[in-house]
Structures are given as structure tokens and as C-alpha cells.
Amino acid sequence: MVTVQPDYDFEGATFDLSDPGDREIVNFILSQALFGEATGVYCGQSLYAARSLEAARFYVRQARQELNHLELFADVFRILEMKPLPAHWVIKTMSSHNHYYPLKVLMEHAIGEGLVLDIFKDVLLQTLPEDHPGVPEIKKKLNVVCREELEHVEWGEKEVRWVLEQDPSLATPFYGLLEWQLWLAPLILRRYEGQAEGHPVLSHLPRFVEHVNNRVWEQGRRLGFVPEERPGFFGRAWAMLTGGLLFVRSQFTSGRSTLDKTYLSELGFE
Ligand SMILES: [Fe+2]
Ligand SMILES: [Fe+2]
């Protein structure tokens with residue numbers, strides 16, 4: 001089995017699963033993951049508006065994988081004898097389904113699942129301690145999840161490129177939304193800021209957040225919607241305003257079916 005390699009090095013730091021404080025933190029992380037996987041399942045909704053047979057195939061496959069991830073994470077809770085907590089409001093906001101295809105592929109797949117992968121691959125795979133009897137099995141499961149999430153991000157990136165080719169004017173609001181997501185995501189960690197000093201894993205948080213920000217920034221640049229130089233205050237504010245407006249507009253968009261109009265050409269009859 002190919003092991004997914006982390007990008008950020010926690011330098012061997014692990015949580016202590018016999019310590020109630022550490023168990024609370026691990027439970028918090030796993031609870032966000034569980035909620036994210038539950039919302040991942042409703043990518044099945046995207047089937048209705050799938051723009052091609054390839055997209056339809058992808059969403060069928062993804063829905064099955066996310067359903068599987070949901071159950072895998074439930075197993076992880078059982079193995080660690082933990083009980084899931086409700087999701088943080090940031091996770092609820094970031095994982096809300098978007099019917100507007102350009103934002104769906106950008107925010108859910110390319111950026112959103114990219115961030116999910118950072119947590120699974122970099123945090124969970126490295127910081128769960130091997131001395132707990134259940135952890136080797138958990139890591140095996142997480143490896144499977146990570147490889148599939150990697151595919152979901154790749155799909156998102158491919159579709160973002162296509163969307164930008166169709167409408168290059170989306171680059172500025174896309175960049176603004178990336179700024180929003182980079183501002184929003186670290187708010188989840190705020191509750192642990194006071195505990196960071198001296199804690200083997202939490203003391204990495206500032207550097208880890210910086211690493212993730214840089215990675216997402218590079219990703220946006222690679223996809224062609226993040227400018228080479230970070231704009232000044234007004235440039236950023238403008239992009240965030242256009243991104244915010246596009247997001248608000250997307251909340252009132254309902255997905256339109258396409259396969260009933262394109263199935264003949266998609267199947268090669270036209
Ligand atoms: Fe997933
Ligand atoms: Fe996923």
C-alpha cells in the first residue's frame with residue numbers, strides 16, 4: 001500500500017491518548033472530520049447539475065467514497081472510545097453545499113478538500129501516537145481516506161481551470177474567496193491558542209497555519225487566479241468584496257440539469 005507522505009513535519013510530536021486534555025483535542029479534530037465527511041456525502045446532489053458524463057461518473061464515485069469515509073471515521077471514534085461533538089461553526093460554513101458550479105469546485109473541492117487533506121495527512125497521520133493499540137489500524141484507514149481526498153482535490157483543480165477558461169473574470173472573486181477562507185480557517189484553532197506553549201503538538205500550530213496558508217496560496221497561483229504579488233489593502237478588500245458578493249449570489253442559485261440536454265453528444269451520437 002502506498003503511504004501518503006506529509007508535507008509539514010511535526011518532528012515526531014504526538015498527542016497523549018491517556019491524557020484527558022489531549023483526548024479532548026483529538027476528539028475535537030475528529031468531530032470536525034466526521035461532520036465534513038457527512039456533508040461530503042451530499043456531493044451526490046452535484047449529479048443533478050453534472051456538466052458531463054465524466055463529471056457524473058466522478059460524483060457517483062465520490063459520493064460512495066465519502067459515505068465510506070463517514071463510516072471509517074465513526075470506526076475511529078469507536079476504536080478510541082470517544083463520542084463525537086457538534087461541528088464548529090467555521091466547519092459548518094465552509095462545508096455548506098454550493099449549487100453554483102464554479103464556486104462548488106473551487107470552495108468545496110480545490111480549497112476545502114485541500115484543507116481537509118492537510119489535517120488528515122499532516123496532523124492526524126503524524127500526531128496520533130503509535131503506542132496506542134488502535135492507532136496502526138486507524139492510520140491504515142486514514143491512508144485510504146487521504147488517497148481518495150487527493151483525487152477529489154485533483155478533480156476540483158481540473159474543474160477550476162476549466163471554469164476560468166470559460167470565464168476569466170472569475171479570477172478576482174476567486175482570489176477574494178481564497179482570502180476569506182484563509183482568514184476563516186484558523187479561527188477554528190483559536191480555542192487552543194492559550195494551550196500552545198509547551199505542548200508538543202499545539203506549539204507547532206503557528207508554523208503549521210503558515211505552512212497551510214503558503215500551500216493554498218501556491219495552489220491558487222498554480223491555478224491562475226492568485227496574483228504573483230499579494231495586492232495591498234484596497235486590492236484585497238476589492239477582491240474579497242467581489243468574492244463575497246459572488247458567494248451571496250450563489251446561495252440563491254439552484255443547480256440546472258445539463259445531461260438531459262447533452263446526453264446525445266456526450267454519448268457520441270452527435
Ligand atoms: Fe472524505
Ligand atoms: Fe472528499
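For the reader, a short list of remarks on this structure follows.
- The chain: most fluctuating residue of G12, G224, G243 per GNM, C-alpha cutoff 10 Å: G12
- Relative contact order (%) - the range 16-135, alpha-carbon pairs under 8 angstrom, separation at least six: 30
- The slack in the chain from V144 to W162, taken as 0.36 nm per residue of separation less the alpha-carbon distance, amounts to 3.7 nm.
- Relative contact order %, the chain, counting alpha carbon pairs below 8 Å whose residues are six or more apart: 27
- Taking the chain as a Gaussian network of alpha-carbon nodes connected by springs under 10 Å, the highest mean-square fluctuation of the residues L117, L178, L80 belongs to L80.
- Check: the range 79-187 dipole with +1 on Lys, Arg Cβ and -1 on Asp, Glu Cβ, in debye: 240
- Nearest 10 degrees, 0 to 90: helix 205-223 Cα axis against the chain principal axis: 20
- Two-site FRET efficiency, S96 against R256, from Cβ-Cβ distance with R₀ of 22 Å, rounded to 0.05: 0.70
- Check: the chain dipole with +1 on Lys, Arg Cβ and -1 on Asp, Glu Cβ, in debye: 820
- Residue pairs exceeding 27 angstrom between C-alpha atoms, taken from K104/K139; K121/K158; K104/K261: K104/K139.
- Cα long-axis angle, helix 135-166 against the chain (0 to 90 degrees, to the nearest 10): 20
- Going by neighbour counts of Cβ atoms within 10 Å, the residues W183, W217 line up, fewest first, as W183, W217.
- Put in order of Cβ neighbour count within 10 Å, fewest first, the listed residues L241, L47, L177, L264 become L264, L241, L47, L177.
- Fewest-first sequence of K140, K104 by Cβ atoms within 10 Å of each Cβ: K140, K104
- The 3J(HN,Hα) values that the Karplus relation (6.51, -1.76, 1.60; θ = phi - 60°) gives for the range 236-243 are, in residue order, 5, 4, 5, 4, 5, 5, 5, x Hz. Gly and Pro appear as x.
- Annotation for E154 and K83: the two label points, set 7 Å from Cα along the Cα-Cβ direction, are 4.1 nm apart.
- Whether the chain is rounded, prolate or oblate, judged on the alpha carbon gyration tensor where a/c under 1.5 counts as rounded: oblate
- Taking every alpha-carbon pair within the range 1-114, the share separated by more than 19 Å comes to 56 percent.
- Considering helices alone, the calculated mean residue ellipticity of the chain at 222 nm is -18500 deg cm²/dmol, with DSSP H runs of length four and up weighted by -39500 (n - 2.57) and normalised per residue.
- Dipole axis of the range 175-270 (+1 Lys, Arg; -1 Asp, Glu on Cβ), positive-most option in G255, P227, P206: P206
- Among T127, A50, L142 - extreme Cα towards positive end, dipole of the chain, charges at beta-carbon: A50
- Between the helical axis of 53-79 and the longest alpha-carbon principal axis of the chain there is an angle of about 20 degrees.
- Max mean-square fluctuation residue, GNM over the chain, Cα-Cα springs under 10 Å, options I25, I138, I111: I25
- Computed on the Cα atoms alone, the convex hull of the range 45-171 gives a volume of 113 cubic angstrom per residue.
Values in this text are rule-based calculations from the coordinates and carry no lab data. This is a predicted model, so every value here is computed, not measured. Positions of Cβ are backbone-derived with ideal geometry, glycine not excepted, and every protein chain shown enters the neighbour counts.
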